[in-house]
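Just below is one structure, and these are the notes that go with it.
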Amino acid sequence: MLSFEFNTTRKLVVEQGAAARLHEVVSQFSAKRIFLITDPGISDLGLHELSVSGLTEHGAAVEVFDGVVADPPETIVLEAIERARQMRAELVIGFGGGSSMDVAKLVACFAHPHCRQPLQEAYGIGKIRADRLPLVQVPTTAGTGSEVTPISIVTTGETTKSGIVSPVLLPDVAVLDAGLTVGLPRHVTAATGIDAMVHAIEAYTSKIRKNPMSDMLAKEALRLLVGHIDRVLQDGNDIDARQGMLLGSCLAGQAFANAPVAAVHALAYPLGGHYHVPHGLSNALVLPAVLRFNAVAAAEHYAELAPILTREPRSPSVADDCERFIVGIEALLDGSGLPLRLRDVGVHETALGALAADAMQQQRLLVNNPREVTEQDALEIYQTVY
């Protein structure tokens, strides 16, 4: 029997309208000072206002920090930590996409009154030494799965993304309310949906920590995502399809939290760091070429996933089913309306070498890839999708 560990967020609340009763969800923590972290887009739309009103009406003081940006730099994380310390926060809520939830995880740790560890000492795997404040995550996109992962990604320096990975970062509660995702622009829905699919696919082929639990979650996540993405792209108000996408994203998050992602993410991060390409779109751009690169080592796994994508039974040929899977992904991307070439998002051909070199810095991810990736391999993948 394979030995493995599996960890996830302690409680999931999957309910349309749950955000409006967030005060009930967090009542178990008896917190009177709550620090809610979001971004300017959510703040402008007022998506968080019902939640905040409910919290304040039930006696909590709520401070809203809405300064999070995509690929949040360390300066923003430190500012949020300081603000939470000043209000002596007793509970942290991440309300938004992956960036807001990633910042919330770190604020919950480093704004804890007993924390003396500098943020800069936490980068890497298992380096957080402190406890954290209670943490509740409310995703407003179906993509990152950050509400169930022990990972925060921070932009350090000008272009480099660095990860902080620790079981301490796993939230206490995740609230999946599909109503918060209604009205998202089509391109955001497509990119975040593809991001979630990448999480499921990379978890299923993860080299080191792939396990029966992560496999089960990855396959069900992919089934939900593939089964609902066309509906939600055709009608952004289809609440049932939105709920299917949100749950699929969450299950994919649980999968890759325990069987980590690999080369797709490693090659996507430099695109965000250098060109500020949104994370989901960065994944979509490199996904087909990475799948074809990995097929040498992961053909059986891709073949196992093919029926989910094609809705056809397995054939006698692993190679044929692997190809059907990759072609199916390419067709899905073609129909998403997203840009498909690096040149279409402003990447300069002369920069491909630098991107490949930067991708090699993501060894935390590359060790999970089913096939070893050299700098030359990374360059050729970028050239293929340029």
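The figures follow:
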{"item": "Filtered residues of the stretch 8-48 (kept if under 26 Å from residue 211 (Cβ atoms) and touching a Leu at 6+ places or on another chain (Cβ under 6 Å))", "result": "9, 14"}
{"item": "Only one of 149, 160, 141, 155 that is of a type in the set (Ser, Thr, Tyr), open to solvent by 10 Å² or more (accessible area, probe 1.4 Å) and within 16 Å of residue 252 (Cα to Cα)", "result": "141"}
{"item": "Residue count, the stretch 213-234 (criterion: acidic (Asp, Glu) and under 22 Å from residue 7 (Cα atoms))", "result": "2"}
{"item": "Pairs, first within 20 Å of residue 195 (Cβ to Cβ) and in contact (Cβ under 8 Å) with a residue 60 or more places away in the chain in the stretch 335-364, second open to solvent by 40 Å² or more (accessible area, probe 1.4 Å) and aliphatic (A, V, I, L, M), C-beta under 6 Å, six or more apart", "result": "none"}
{"item": "Residue list for the stretch 7-26, restricted to those being of a type in the set (Asp, Glu) and open to solvent by 70 Å² or more (accessible area, probe 1.4 Å)", "result": "24"}
{"item": "Qualifying residue in the stretch 66-77 (condition: among the hydrophobic types (A, V, I, L, M, F, W, C), open to solvent by less than 50 Å² (accessible area, probe 1.4 Å), under 17 Å from residue 169 (Cα atoms) and modelled with pLDDT of 95 or more)", "result": "yes"}
{"item": "First in the stretch 319-332 and of a type in the set (A, V, I, L, M), second anywhere and open to solvent by less than 10 Å² (accessible area, probe 1.4 Å), Cβ under 6 Å, 6 or more apart", "result": "326/291"}
{"item": "Flag for residue 196 being closer than 30 Å to residue 357 by Cβ, crowded, with 20+ Cβ neighbours inside 10 Å and modelled with pLDDT of 95 or more", "result": "yes"}
{"item": "Filtered residue count, the stretch 226-240, keeping only those that are assigned to a helix (DSSP H, G or I) and open to solvent by 30 Å² or more (accessible area, probe 1.4 Å)", "result": "7"}
{"item": "Hey, residue 210 outside any loop (DSSP other than H, G, I, E, B), basic (Lys, Arg) and modelled with pLDDT of 95 or more or not", "result": "no"}
{"item": "Qualifying residue in the stretch 241-253 (condition: farther than 24 Å from residue 96 by Cα, open to solvent by less than 30 Å² (accessible area, probe 1.4 Å) and not aromatic (Phe, Trp, Tyr))", "result": "no"}
{"item": "Residues being among the hydrophobic types (A, V, I, L, M, F, W, C) and open to solvent by 10 Å² or more (accessible area, probe 1.4 Å) - total across the stretch 262-278", "result": "0"}
{"item": "Residue 215 being within 21 Å of residue 139 (Cβ to Cβ), modelled with pLDDT of 95 or more and either among the acidic types (Asp, Glu) or over 19 Å from the mean Cα position of the chain (by Cα) (or both)", "result": "no"}
{"item": "Any chance residue 188 is of a type outside the set (Ser, Thr, Tyr), open to solvent by 30 Å² or more (accessible area, probe 1.4 Å) and under 16 Å from the mean Cα position of the chain (by Cα)", "result": "yes"}
{"item": "Which listed residue, of 174, 178, is open to solvent by less than 10 Å² (accessible area, probe 1.4 Å), modelled with pLDDT of 95 or more and out of contact with any Asp or Glu (no Cβ under 7 Å at 6 or more places or on another chain)", "result": "178"}
{"item": "Within the stretch 1-40, tally of residues that are modelled with pLDDT under 95 and either in a strand (DSSP E or B) or within 19 Å of the chain's Cα centre (by Cα) (or both)", "result": "0"}
{"item": "Subset of the stretch 109-140 that is β-branched (Val, Ile, Thr), touching a Ser or Thr at 6+ places or on another chain (Cβ under 9 Å) and touching a residue at least 60 places away in the same chain (Cβ under 8 Å) - its residue that is farthest from residue 243 (Cα to Cα)", "result": "125"}
{"item": "Of all residues in the stretch 85-108 being touching a residue at least 12 places away in the same chain (Cβ under 8 Å) and surrounded by fewer than 24 Cβ atoms within 10 Å (Cβ to Cβ), the one that is farthest from residue 33 (Cα to Cα)", "result": "85"}
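The values are calculated or read from the model by the stated rules, or taken from the named source; none is laboratory data. Note that the coordinates shown come from a computational prediction; the quantities given were computed from them, not determined experimentally. Please note: Cβ atoms are built from the backbone with ideal geometry, for glycine as well, and neighbour counts cover all protein chains shown. Keep in mind that these areas ignore ligands, DNA and RNA; they rest on the heavy atoms of the full protein, side chains included. Shrake-Rupley method; radii C 1.70, N 1.55, O 1.52, S 1.80 Å.
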